[in-house]
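The values are calculated or read from the model by the stated rules, or taken from the named source; none is laboratory data. Only a predicted model underlies this, so the values are computations on that prediction, with no experimental measurement involved. FYI the Cβ positions are ideal-geometry reconstructions off the backbone, even for glycines, and counts take in every protein chain you see. Surface accessibility is based on the protein's heavy atoms, side chains included, excluding ligands, DNA and RNA. Shrake-Rupley method; radii C 1.70, N 1.55, O 1.52, S 1.80 Å.
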Amino acid sequence: MTAIEMKPPVLTVGPLAWVRKNLFSTWYNVALTLLAIGLLYALLKPAWLWATTEARWGVIEANLSLFMIGLYPREQVWRIWLTVFMLAGLIGFSWGVWKIAARGFALIALGAGAAFVLISLYFQWDVWTQWLVADFILLVFYFIGLRLRRGVLFATLGWLLYFPIVFLLVSGSKYIASLPPVPSNLWSGLLLTLLLTIVGNFGALPLGILLALGRRSKLPIIRYFSIGFIELIRGVPLVTILYMASVLLPYFLPIDVRPDNVARAMIGLIIFEAAYQAENVRGGLQAIDRGQYEAAQALGLSGAQTTILIILPQALRAVIPALFNSFISLFKDTSLVAIIALFDVVRISRSILAQTEWLGTHREVFLFAFIIYWAFNLAFTYGSRRMEEALGVGKR
Amino acid sequence: MSDNNNSQEIIVCRDVHKWFDNFHVLKGINLTVQKGEVIVVFGPSGSGKSTFIRCINRLEEHQKGQIIVDGVELTNDIRDIEAIRSEVGMVFQQFNLFPHLTVIQNITLAPSWVRRTPKDVSRELAMQLLNRVGIPEQAEKYPAQLSGGQQQRVAIARALAMQPKIMLFDEPTSALDPEMIKEVLDVMIELAKSGMTIVAVTHEMGFARAVANRMIFFDKGEIVEQGAPEQIFDNPQSDRTKLFLSQILRH
């Protein structure tokens with residue numbers, strides 16, 4: 001008997017069918033749906049009324065640059081824009097080189113740039129040109145990435161060089177006339193939050209990988225050191241590590257290399273995050289079959305080659321969700337640096353509230369800080385999810 | 001060891017013992033393999049046959065006795081071990097392909113990193129080997145996209161890419177579906193006929209009859225009996241050999 005292709009029965013597809021199936025299928029489902037709609041209305045109506053009539057959103061607009069770059073000298077802002085443009089170029093280039101794996105992040109960046117252009121035009125801020133330029137650079141480098149040979153090499157080099165260059169651009173140097181030093185106590189706002197997140201994570205990952213490998217080492221001294229380090233750091237709150245880094249670190253180092261407050265916070269965050277990333281990576285290492293080591297050994301690969309070429313690529317890919325999860329955690333945890341007198345997004349928000357003309361605007365200011373964190377994490381989650389999907393295809 | 005350098009003896013085992021904790025797995029194995037010989041090792045599970053061939057490239061360490069491969073005694077000197085391992089190819093029961101690399105990358109990896117072979121040379125050799133094992137069209141796929149028989153043939157090509165002097169097979173067809181066993185055995189038979197020195201742990205008696213020079217019956221950590229296939233099949237001496245053969249040849 002040959003199968004006959006039939007049209008699906010009426011009302012099993014389309015939005016109406018979805019609503020009926022998911023919201024009104026049974027009497028208690030109907031009750032739950034109505035209850036949820038009622039609750040949402042009760043909650044959102046006053047919030048909406050407040051947001052549209054009572055709220056003084058002027059506090060955000062007046063202090064927007066304070067939120068973004070804090071006390072960073074306004075005549076040096078071009079340096080921050082330069083880092084944004086370079087980032088746009090790198091993201092576009094990576095999109096062209098790695099295609100689908102980087103596409104999620106690229107689309108998010110492109111969309112965010114476009115949104116900032118529209119928002120800036122609406123409020124008649126003059127930064128809309130910069131965001132337009134950023135999007136333009138992203139697209140230009142996408143096409144360069146598509147065409148260029150050895151793109152993977154250039155993209156990898158680009159990302160590796162990007163972070164030192166950003167650091168140099170932001171901090172400046174007394175040896176470069178066009179980049180006068182900007183003391184780190186002026187780095188603040190979202191700029192500081194992002195710098196801490198990026199330095200913390202990218203410093204912690206290599207250290208975490210080394211600790212994870214060390215924890216499985218055959219050499220007892222390395223193994224016990226790694227276990228001791230990981231368990232010690234995981235056993236105490238981040239706040240105490242930040243205090244330690246801020247207060248104790250200077251005593252252990254010679255006077256002429258005493259790091260400033262921001263550098264101390266970065267060291268504290270790296271140490272803290274490394275312990276967690278080590279455990280994430282260890283999970284990946286444990287998932288690798290013994291046969292993989294044996295096959296590599298049987299081919300004559302050395303121990304280091306086996307680890308770098310065979311084991312780590314598989315182990316790291318297996319734990320990408322966990323690595324990204326820790327990344328997001330650290331992004332939010334950077335708000336704790338306020339306790340060692342650094343002005344991240346949250347601390348800047350509080351200082352804005354101290355301005356006499358904006359007294360009583362707590363709700364507006366903290367809602368905005370909330371939105372900043374949430375928007376970044378939403379974008380990041382979307383990009384990393386797309387990356388996980390792309391990397392999983394046909395490879396396991 | 002100087003007496004081995006000029007001879008054709010490529011593997012020499014003298015009184016090899018091994019223990020897993022207190023369990024005595026290998027109880028004094030003596031075996032000499034000539035260059036170009038094809039040897040089939042068989043015996044009940046747990047008899048130590050897999051452990052024994054894993055000692056030949058030191059995936060397992062022996063604790064007493066001597067193993068000399070291609071004139072080099074296996075000791076704890078890791079440089080010697082890595083040199084020997086690059087001369088001895090191994091094929092595993094579970095294939096153990098690298099899942100994050102394509103077929104061609106699996107094959108070219110060791111030549112590139114261990115032998116420092118230029119990329120185009122190792123690629124060309126890999127394509128020749130894929131032709132030899134009959135799956136050149138799968139070069140750019142990932143292992144998970146291949147059938148078991150195809151994966152095992154890639155594993156053979158990967159081992160051959162190092163141009164080894166000896167090939168070890170550790171139950172290469174035991175994890176395969178019945179219809180895929182033949183395609184792997186055909187490759188192994190072709191390899192045996194090309195003059196490669198082979199030590200294979202397998203219960204594929206058809207393979208043994210077709211190409212083995214010598215069969216070795218392992219039981220309880222000892223070599224119970226060895227001889228040419230005709231002799232083992234038609235006139236086994238030991239009762240243990242007779243019993244085991246009657247069990248696996250019954251069907």
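A few comments on the model shown:
- The gain in end-to-end length when the A:Ile176 to A:Val152 segment is fully stretched comes to 5.5 nm, 0.36 nm per residue minus the alpha carbon separation.
- Given B:Lys182/B:Lys220; B:Lys119/B:Lys141; B:Lys193/B:Lys242; B:Lys27/B:Lys49; A:Lys21/A:Lys45; A:Lys99/A:Lys332, the pairs whose alpha carbons are separated by over 22 Å: B:Lys182/B:Lys220; B:Lys193/B:Lys242; A:Lys21/A:Lys45; A:Lys99/A:Lys332
- B/A buried area, accessible surface, summed, 1.4 Å probe, Å²: 2000 Å²
- Computed from backbone phi with θ = phi - 60° and the Karplus coefficients 6.51, -1.76 and 1.60, the 3J(HN,Hα) list for the range B:216-229 is 10, 9, 9, 8, 6, x, 10, 7, 7, 7, 9, x, 5, x Hz; x is used for glycine and proline.
- Positive end of the dipole of the protein assembly as shown (Cβ unit charges, origin at the Cα centre): among B:Gly28, B:Ser174, B:Leu245, the Cα lying farthest that way belongs to B:Ser174.
- Crossing angle, helix B:103-114 versus chain B [Cα axis fit, 0-90 degrees, rounded to tens]: 80 degrees
- Size of charge dipole - the protein assembly as shown - debye, nearest 20, with Cβ of Lys, Arg +1 and Asp, Glu -1, no other charges: 960 debye
- Rounded to whole Å, sorted largest first: equivalent-ellipsoid semi-axes of the protein assembly as shown, Cα gyration tensor: 62, 32, 24
- Nearest-0.05 FRET efficiency for A:Glu388 and B:Glu61, computed from C-beta distance (R0 41 Å): 0.55
- Cα lying deepest toward the dipole's positive end in chain A, options A:Pro181, A:Ile209, A:Ile91, charges on Cβ: A:Ile209
- Degrees between helix B:148-160 axis and first principal axis of chain B (Cα, 0 to 90, nearest 10): 90 degrees
- Label-to-label distance, nm, for residues given as A:Asp289 and A:Ala304 (7 Å Cα→Cβ offset): 2.9 nm
- Taking amide hydrogens as placed 1.01 Å from N in the peptide plane, the amide H of A:Val182 sits under 5 Å from those of A:Gly172, each at least 5 positions away in sequence or on another chain.
- Couplings 3J(HN,Hα) for the range A:101-110, derived from phi with the Karplus relation 6.51 cos²θ - 1.76 cosθ + 1.60 (θ = phi - 60°), are 5, 9, 5, x, 4, 5, 5, 4, 5, 4 Hz, where x marks Gly and Pro.
- Order by protection proxy (mean Cβ within 10 Å, highest first), peptides A:76-87, B:91-102: B:91-102, A:76-87
- Solvent-accessible surface of the protein assembly as shown, taken per residue with a 1.4 Å probe and all protein chains present: 52 Å².
- Relative to the dominant Cα principal axis of chain B, helix B:78-87 is inclined by about 80°.
- Full extension of the chain between A:Val247 and A:Lys7 gives 79.2 nm of extra length, using 0.36 nm per residue less the Cα-Cα distance.
- Across the range A:177-187, rounded Karplus estimates of 3J(HN,Hα) from the backbone phi angles (6.51 cos²θ - 1.76 cosθ + 1.60, θ = phi - 60°) give 4, 7, 10, x, x, 10, x, 5, 6, 9, 6 Hz, Gly and Pro being marked x.
- Percent antiparallel among DSSP beta bridges (both partners in chain B, rounded to 5): 55 percent
- Here the label points at B:Gln163 and B:Arg116, each 7 Å from Cα along the C-beta direction, are separated by 1.6 nm in the simple model.
- Across peptide A:300-309, the average count of Cβ atoms from other chains found within 10 Å of a residue's Cβ is 5.
- Helix-only mean residue ellipticity at 222 nm for chain B, each DSSP H run of n ≥ 4 adding -39500 (n - 2.57), per residue, nearest 500: -12000 deg cm²/dmol
- Estimated inter-spin distance, A:Ala55 and A:Leu35, nm [label 7 Å along Cα→Cβ]: 3.0 nm
- By DSSP, the beta bridges lying fully in the protein assembly as shown are antiparallel in about 55 percent of cases.
- Taking the accessible area of the protein assembly as shown, probe 1.4 Å, and keeping the other protein chains in place, the carbon and sulfur fraction comes to 63%.
- Among B:Ile232, B:Ile156, B:Ile68 - extreme Cα towards positive end, dipole of chain B, charges at beta-carbon: B:Ile156
- Between the amide H of B:Val41 and those of B:Ala200, B:Val201, B:Thr202, B:Ile216, distances stay under 5 Å, these residues lying 5 or more places away or on another chain, with hydrogens modeled in the peptide plane.
- Calculated [θ] (222 nm, deg cm²/dmol) that DSSP helices of n ≥ 4 give over chain A, each run adding -39,500 (n - 2.57): -24000 deg cm²/dmol
- Computed over chain A: relative contact order in percent, which uses C-alpha pairs under 8 Å that are six or more apart: 21 percent
- Peptide packing for A:227-239, B:167-179 was compared via the average number of neighbouring C-beta atoms within 10 Å per residue; ordered from the highest value, the list is B:167-179, A:227-239.
- Mean partner shielding of peptide B:98-104, defined as the number of other chain Cβ atoms within 10 Å of each residue Cβ, is 5.
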